[in-house]
Amino acid sequence: DFDHSFSHACPDGGTADFSGTVSAEWAIGAAGADFTYTVGFSNCSAYGVTMDGSMDYSRSASVQNTTLETSFEWSGDMSWSGLVNGDCVIDVTGSTYASLVNWSFEADSETSGSVCGYDASSEISVDF
C-alpha cells in the first residue's frame, strides 16, 4: 500500500490539498489494484477567481487469467467566484469487462452519470 498527500498554498490565499492511495495484490493467474485520489480547494484564490469544493476519484481493477474487470467512481462539488462565477457537480460511475479466450476478444464498457449538468453516459462493445 502507498499513501501520499500534499498541500499547496494558492497564490492569492487559501489552499489546494491532494491525497491519494494505491494498493495492489497478486497471485499466480490473478492480480488486483485499487486507486483513490482526492483534490480539495479551500478558498483557493488566483488571478481574481476563488475555488471551493472537492473531487474524489477511485478505480479498481482485477485480472483473472484472461479476464480484466475495472470500475471507477468520480464525484465532486466545485464552485468558483470572483471574475467568473459558477459551480459544477460531478457524479459519474463506470465499468469495463474484457476477455481474450482462444484468440477471441470481447470488451464492454459503460459510463453513467453527469459532469456539470451534462450527460456523461456511454456504452461501448467490441468483439473480434
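Derived scalar couplings between HN and Hα for the stretch 114-128 equal 9, 10, 6, x, 9, 5, 10, 7, 7, 9, 9, 10, 9, 8, 7 Hz in order, rounded to whole Hz, by the Karplus curve 6.51 cos²θ - 1.76 cosθ + 1.60 (θ = phi - 60°), x for Gly and Pro.
Could you please report the charge total around S23, scoring K, R as +1 and D, E as -1 over all other residues with beta-carbon less than 9 angstrom from its beta-carbon? Its environment carries a net charge of -3.
When the Cα gyration tensor is reduced to axis lengths a ≥ b ≥ c, the ratio a/c is 1.5 or higher for the stretch 34-108, and with a/b above b/c it is classed as prolate. The distance between label points at S71 and F6 comes to 3.2 nm (points 7 Å beyond Cα on the Cα→Cβ vector). Extension gain for the segment A46 to A33, taken as residue separation times 0.36 nm less the Cα-Cα distance, is 1.1 nm to one decimal.
Hand me the chymotrypsin sites (Phe, Trp or Tyr not before Pro) from the stretch 36-92 located in a DSSP loop with no more than 16 other Cβ atoms within 10 Å, in residue order please. Before the final figure, lay out each step's value.
Working: sites: Y37, F41, Y47, Y57, F72, W74, W80; in loops: Y47.
Answer in residue order: Y47.
On full extension, the segment bounded by Y118 and S62 gains 17.2 nm, given 0.36 nm per residue less the C-alpha separation. Whose amide H sits under 5 Å from the amide H of V49, counting only residues 5 or more places off or on another chain, with H placed in the peptide plane? Excluding prolines and chain starts, which carry no amide H, the hits are L83. Where in the stretch 22-50 does the amide nitrogen come within less than 18 Å of the point 7 Å from the Cα of A98, taken along Cα to Cβ? From the stretch 22-50, the list is 30-35. Given the Cα atoms of the chain, and with Rh set as the inverse mean 1/r over their pairs in the Kirkwood sense, what is Rg to Rh to two decimals? Checking Rg against Rh, the ratio lands at 1.11. Considering only Cα atoms, the convex hull volume of the stretch 1-48 works out to 62 Å³ per residue.
Only the coordinates and a few stated rules stand behind these numbers; no lab work does. Given the structure is predicted, the values throughout are model-derived calculations rather than measurements. Note that we place each Cβ from the backbone using ideal geometry, even for glycine, and neighbour counts take in every protein chain shown.
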